[in-house]
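Every number here is computed from the coordinates shown, using simple stated rules; none is lab data. Given the structure is predicted, the values throughout are model-derived calculations rather than measurements. Positions of Cβ are generated from backbone atoms using ideal geometry, with glycine treated the same way; all protein chains shown enter the neighbour counts.
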Amino acid sequence: MRFWKAEENRAAFEYARKITAHYSKSFYFSAQMLPREQRWATFALYGFCRHCDNLIDTPRQRTETEILGEIQHLTEELQIAYNTGESQDPIIRAFILVAKAYGIPIAYPLDLLNGVAMDVQQTRYKTFDELSLFCYRVAAVVGLMMTHVLGYKDERAFGYAKQLGIAMQLTNILRDVKEDKEMGRLYIPQSDLAEFGVTEQDIFNERMTPQLRALMKFQVERADQYYTEAIPGISLLKTESQYAIYSAARIYRGILRKIEDRDYNPFLSRVFVSSTQKVGILLHEQIRTKFLSAQEKLFPVHSGTIHK
């Protein structure tokens, strides 16, 4: 299915690749190690998701009503593309080819757009249940779409993919506390602030109190638990795709370790995993996956069982 090679599609897929490389170095780094077809499909998928996010993440002089109008227009374009199998919009063009090739249900990108609309209209979250719905819409559905692209041995992989998406979004939230508060946004649930005795002003005035440190530690541990629950499900993906996702999970989880190293202070410079560390993680997971692949060839999995 070399859809990215067709002359009429090359520009759209190259555009999606450049978007991925520009906006998510960790995601691009991991995707580079996928088999070629899945790699280009991943670029198309990420390009579409990033385009949706940029409707609100990119600073522009637009009103809430205007941005919601853009989201509605994109929703309508997406629905037409699913009906016709094509689009003249380069981002939707690449995405719809991948969606049709891999059987990605329209419900997933529509949920993503609902999440973007939610982010336009809501800058606070009362409870973790509210926040987890947001995380599902803007991140977990990305994991669910990726599961279609990567291939899976068991449908239970989708439940684990949901958990991993939420883990990654919670990580983003903890990494970006300072950037978000400067835009008037606070994703840590209001109920958690109250429980730990932290006020919004503590965060907006960057007061690193013992109570805020305890709150951040709790949030890191919560995100960590999602990784713990999600990672066993990566073994349910097709073997040749596993190491890219193991690598992505380890790189993202590494951000939590960096936050711990800073004594949970979210107001220092943005934390990141270095390129050297990323290469080390990738090489380790690549070698481990090759070992698992060799094991499967020596000891084939019987029909109806799952290799762990």
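Label point 7 Å out from His22 along Cα-to-Cβ: which residues of the range 87-110 have amide N under 18 Å?
Only 89-95 fall inside the zone, counting backbone N under 18 Å.
Could you calculate the FRET efficiency of Lys217 with Ala11 from 1/(1 + (r/R0)^6), where r is the beta carbon distance between them and R0 is 41 Å, rounded to 0.05?
0.30
Between exposed GluC sites (Glu not before Pro) in the chain, where DSSP calls loop and at most 12 other Cβ atoms lie within 10 Å, what's the longest gap?
Answer - 156-308.
When the Kirkwood radius is taken over all Cα pairs of the chain, what Stokes-Einstein diffusion coefficient follows at 37 °C and 0.692 mPa s, in µm²/s?
161
I need the trypsin sites (Lys or Arg not before Pro) found in the range 1-72, filtered to DSSP loop residues with at most 12 other beta carbons within 10 Å of theirs.
Passing both the DSSP loop test and the Cβ count: Arg2, Arg60.
Using label points projected 7 Å from each Cα along Cα→Cβ, tell me how many nm separate Ala101 and Asp261, to one decimal.
3.8
Jot down the per residue volume, in cubic angstrom and as a whole number, of the convex hull over the alpha-carbon atoms of the range 16-68.
66
From the C-alpha coordinates alone, can you work out the Kirkwood hydrodynamic radius of the range 1-121, in Å?
With all distinct Cα pairs of the range 1-121 included, I get 14.7 Å.
Remind me, relative contact order of the chain in percent, using alpha carbon pairs under 8 angstrom and six or more residues apart?
Value for the chain: 17 percent.
Count the net charge of all other residues whose Cβ sits under 10 Å from the Cβ of Arg36, scoring Lys and Arg as +1 and Asp and Glu as -1.
+2
Dipole of the chain, Cα-centred, from +1 at each Lys and Arg C-beta and -1 at each Asp and Glu C-beta, to the nearest 20 debye?
For this selection, approximately 1240 debye.
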